[in-house]
Structures are given as structure tokens and as C-alpha cells.
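Written below as C-alpha cells is the structure these notes are about.
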Amino acid sequence: MIVIDASTLAKYVLREEGWESVSELLWRSRPLVSVDHVLKEVGNAIWKQSRLRGRIDAETALELYRKLLRLAETGVIRLEPETRYLPRALEIALSHGVTLYDALYIALAEEQGELLTSDARQAEAAAALGIRVRLLA
């Protein structure tokens, strides 16, 4: 199963460059899996586009977040509890120099076998652990 991280899911939800590739994988390879933390991280990316960058209004931000939640509610993305992966994630973060947030996805991908990310540093750390990585730059 493919683990999708926040950088890639945010790209899809916010229709950033390359979102079409994410869309294709979402619908062709579903369900994808992620840690439940992804809802907070992508929500924060939506907030940032609205409040800090002014690229979307509050109404649009709320609608995008509702669409994100529907991906989880309908099983397009299966969510795993982050607490299960925190101990291993901290080990990965400390040994590979990535954030704990990024390491959560890597820890889940160790179990699932593959990581879909748009974060080159995270991809490098996952590959060093022998995880198959799909990097969507």
C-alpha cells in the first residue's frame, strides 16, 4: 500500500503544480494510507494559503478542508493513528535529520512498503531505510 504524506496531499487539495499526478494516483491506487496527523498538516497548509498568503478566501479554505475530510470519510485515504508510529518516528527523525512530522510518514511507510511525497529530504531519508519512494516534485 502507498503512504501519502502531507506535502503531496496538500499539493492535490490546493491544486498546486503537479496535482494532476497526485489525482491519478489517488484514484488508481486507492486506498492510500496516511497517519491521522495528515489532516492537521494539510489543514495548516490550507490555512496558510488563506490567512498568510491571501491566495484563497476563508469560504474556499473551509470547502477545501471539507473535501479533504471526505477523502478520509469515504476511504480514499485510510488513516492510521499517529501514536502507534511516534516512537519509531522519533528514532528516524534523530538519525536521518528530518522532522518528527515527516518521520511519521516514513515510519508508516516502513510497514506499508512505499512512500508518496513531494519532499526531497523526506524521500532521501526513506530511501536510505530501503523504502520505495515516489517523489513528485
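Rundown of residues vs (1) exposed (fewer than 13 other Cβ atoms within 10 Å of the Cβ); (2) touching a residue at least 12 places away in the same chain (Cβ under 8 Å), yes/no style:
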position: ILE46; (1), (2): no, yes
position: SER50; (1), (2): no, no
position: ALA61; (1), (2): no, yes
position: ARG70; (1), (2): yes, no
position: PRO81; (1), (2): yes, yes
position: ALA127; (1), (2): no, no
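Can you go through ARG51, ARG78 and tell me which one is among the basic types (Lys, Arg) and over 21 Å from TRP19 (Cα atoms)?
Numbers: ARG78 fails: over 21 Å from TRP19 (Cα atoms).
Exactly one residue qualifies, and that residue is ARG51.
What are the residues in the range 28-44 that are surrounded by fewer than 19 Cβ atoms within 10 Å (Cβ to Cβ) and modelled with pLDDT of 95 or more, if any?
Here is the first cut: in the range 28-44, the residues surrounded by fewer than 19 Cβ atoms within 10 Å (Cβ to Cβ) are 28-31, 36, 40, 43-44.
Across the range 28-44, the qualifying residues are ASP36, LYS40, GLY43, ASN44.
Entry remark, the range 99-120: residues being within 18 Å of VAL42 (Cα to Cα) and surrounded by 21 or more Cβ atoms within 10 Å (Cβ to Cβ) number 11 in total.
Of all residue pairs spaced 6 or more apart or on separate chains, those with beta-carbon atoms under 7 Å, a first member in the range 28-40 that is over 15 Å from ASP102 (Cα atoms) and in contact (Cβ under 8 Å) with a residue 24 or more places away in the chain and a second member that is of a type in the set (Lys, Arg) and in a strand (DSSP E or B) are PRO31/ARG78.
From ALA89, ALA123, which residue is crowded, with 20+ Cβ neighbours inside 10 Å, under 13 Å from the mean Cα position of the chain (by Cα) and either on the phi > 0 side of the Ramachandran plot or in a helix (DSSP H, G or I) (or both)? Before the answer, list the steps.
On the way: ALA89 fails: under 13 Å from the mean Cα position of the chain (by Cα).
After ruling out the rest, the residue left standing is ALA123.
Just to be sure before I move on: is SER23 in contact with a strand residue (DSSP E or B) (Cβ under 8 Å, 6 or more places away or on another chain) and without any contact (Cβ under 8 Å) to a residue 40 or more places away in the chain in the structure I sent? No, not satisfied. Looking for something touching a helix residue (DSSP H, G or I) at 6+ places or on another chain (Cβ under 8 Å) and within 24 Å of ALA127 (Cβ to Cβ) - is there at least one such residue anywhere in the range 46-65? Scanning the range 46-65 turns up no residue that is touching a helix residue (DSSP H, G or I) at 6+ places or on another chain (Cβ under 8 Å) and within 24 Å of ALA127 (Cβ to Cβ). Would you check if there is a residue in the range 49-60 being part of a strand (DSSP E or B) and of a type in the set (Asp, Glu)? No, there is no match, as no residue in the range 49-60 is part of a strand (DSSP E or B) and of a type in the set (Asp, Glu).
The values are calculated or read from the model by the stated rules, or taken from the named source; none is laboratory data. Here the structure is a predicted model, which is why all the values come from computation and not from measurement. So basically every Cβ, Gly included, is an ideal-geometry build from the backbone, and we count neighbours across all protein chains shown.
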